[in-house]
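Please treat every number below as a calculation from the coordinates, not as lab data. Quick caveat, the model's predicted, so the values are computed rather than measured. Backbone-built Cβ (ideal geometry, glycine too); neighbour counts: all protein chains shown.
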Ligand SMILES: [Zn+2]
C-alpha cells in the first residue's frame, strides 16, 4: 500500500515545508521505493537556488539508509538489482558514513562467520566421512 506523492509534495518535502506526519510518510516511502528517490533527486536538481544538496538532506535525516539487514544481503549479493544499485548509490555517491561503517562492520562479521563455518564444515566432514552410507 504505497501511496503516490505529487511533485508539489516532494518539493515541499525538500523545503522541509511539510507537516511532521507528511515528512514521516515520505521518508517511509523513500525507504521502500528507490524510484521515488530518483524522482526526488530530479526535482531537487530542477529547483532553482538549490539551497541544499540532496546529500545534505540525506545526511541530515539519514532517511534513505538501507536497513542493516539489506546491507547484509547486499554484501552477499542477495538483493535485486534495483536495490543493489540504490545501495551502491547511497554508499558511494551520497557517501553515507553511517552506512559505510555499518557495511564495514557487517563485512568483518561475515568474514569471521564464513571462516568459522568453513572450519566447522571441514571438521564435520572429517569426522563423519567414514559413517556415510555407501550406496543409495
Ligand atoms: Zn546511510
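Some points to look at:
- Tail weight of P(r) past 16 Å, computed on alpha-carbon pairs of segment 65-128, percent: 52
- Nitroxide proxy distance, nm - points 7 Å out along Cα→Cβ at residue 7 and residue 104: 4.1
- Sorted by Cβ neighbour density within 10 Å, fewest at the top, the residues 43, 87: 43, 87
- Net length gained if the chain between residue 32 and residue 81 were fully extended (0.36 nm per residue, minus Cα distance): 16.2 nm
- Chain lengthening between residue 117 and residue 68 when straightened (0.36 nm per residue, less Cα-Cα): 15.5 nm
- Per-pair calculated FRET efficiency, R0 = 25 Å: residue 89 and residue 43 via Cβ, rounded to 0.05: 0.90
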